[in-house]
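Please read the structure below before turning to the comments.
Readers should treat all values here as calculations from the given coordinates under stated rules, not as data from a laboratory. The shown structure was predicted, so the numbers you read here are calculated from the model rather than taken from an experiment. When we count neighbours, we look across all protein chains shown, and the Cβ atoms used for this are built from the backbone with ideal geometry, even at glycine.
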Amino acid sequence: MSIVKKHLFTALRITALTGICLLGLTMFGNAAPGSPATPNQAVSQLVNTLKAQGVEVKTAEIQKISPLIIAVALSDTHDSMTNAVNIHLARREAAMAYRSGVEVSGIEFSIPDAANPQKWWGQSFFDKNDSEHQRQPFGISALSAEEAAQRLHDVLRKQSPSITIGQITLEESPLAGRYERTLKITAFAPNVGDAAVYPSLIRQEIVSANKGGVNIAMAKVKIINPKGEIILDYFWDEEMRTELSLAAPGLDLGRPNPPTSIKQ
Amino acid sequence: MKNYKLSIKAVISLLSVVLGLLITIQPTFANWYVLSAIISQYGVWANISTPTTRPYMELVDNSYQYNHVTLNSDSWIQTGWALGATYSEPYSYVEVCITHCTGDPRFYREYTTHILGTKRDYIVEYTPNTGNIWCAYIDGAQKECRAITSAPESVSAASEVVATSQNTIYTIFQDVRFKNSSNVWQLFDSSWPVKGECPYVGRGNSANFYSLRGSCAYMPMMVHP
């Protein structure tokens, strides 16, 4: 092989390797798939994915290196459901980071203000046995978001005729290479009883829709009563089996409550 | 004739009111408990089993059973296993609720299946010297921590049935312990009985018991909240 050919071959090899590395960085923040990221890369990846989803991060730092725990402080949106969902998105991105080669064991979160630096404080820890590890990431859906939303609208209206759906949309993930979608519903219920059973219906329909490749990872539902008041603000993460709910008094989703009668 | 017309009007008005009330009254989901509880402690730990076969769960709206350990205050953290009528298998979960879930949204997460016929350690515990931090653990793994309330507080181990008392339960709670002010785990007093709400009963004592669906006759009743 002549010297020119040899150099040309080496140059081509370097170009190809650089391309592969750049592709890895583009798709997975700073970590190539399969290779462990440094803790700092994990932090910046978390911040970037949150920012891309509209979550304002005040600070993010390594709280513990091994096992890796990241501490994030988020900005207050002055809406308790939005705050809780933003915290969950931080929890979700940290828990799902393993899919792009970053093992995060836990997250510490807060939405501090001057008066209370511990406001909304909490910690969540992750495990390889948890539900999100039992599922494959969503692939490209064959069904358009509009078509899938229309189908869901028709099914929900048939299953729960007393609830009037005002708006139903399926939003695509803003993150590159991610195909999960968020279902957003605003609906009107004549009473709290009908509203109380709507979330379980939505969860069931998400399961069946996903069997048909609709890719619903999360659902955000607001139910409004005839007076125009929000009686249920509901969030469900299908992959992490996590629920957040803010319900009007008397609206019971069937979740557990400690008995009050033991206080003797 | 006039009086007769008046009374018809009165009956119609009354019927309208009754009908209106019937339409307005919303279904609430009742809860039934089998409960072992203690006041003023720093944690609760129980080894909780799932039955070997899936219990019967009536297919009605929001029909669940939960078997858990809990911090019992106006704000709470709870962990255990849950089975819904539409679930194929039980799930281990953690629930967090601040001030009866009125200001902050209720957090509820199901982590992994709790396989039928197996047991797991479920713990809710105050973190010493933190002021108000409580954590939940499943089989020794820390799952969630929140700033909830100061200690000591009431704690309990319980089976809880939601929506219908047709649901069957059969859950074994073993070595139910509380954490005392010296950070030492102590068995619940085995001389105390377990309280059950008709038709559910607890057999055994506060430290080791099983909960099941029995009959309502001759059972110690608990005051429902």
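Below is a table of values for the structure above.
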| quantity | calculated |
| --- | --- |
| Qualifying aspartates and glutamates (Cα of each under 18 Å from Cα of B:K119; at least 8 residues distant if same chain) | A:D130, B:E89, B:E110, B:D139, B:E160, B:D175 |
| Inter-label distance, nm, simple model (7 Å from Cα along the C-beta direction), A:K119/B:S88 | 4.5 |
| Long pairs among A:K128/A:K211; A:K51/A:K220; A:K64/A:K211; A:K64/B:K143, criterion Cα-Cα beyond 28 Å | A:K64/A:K211 |
| Inter-site label distance for A:T186 and A:A142 at 7 Å from Cα along Cβ, in nm | 3.4 |
| For A:A60, net neighbour charge (Lys/Arg +1, Asp/Glu -1) across residues whose Cβ lies under 13 Å away | -2 |
| Whether segment A:106-165 is rounded, prolate or oblate, judged on the alpha carbon gyration tensor where a/c under 1.5 counts as rounded | oblate |
| Given charges at beta-carbon only (K, R positive; D, E negative), |dipole| of segment B:87-225 in Debye | 160 |
| For segment A:69-122, alpha-carbon Rg relative to the globular expectation (2.2 N^0.38 Å, N residues) | 1.19 |
| Pairwise centroid distance, computed over Cα atoms, of segment A:133-176 with segment A:177-202, Å | 10 |
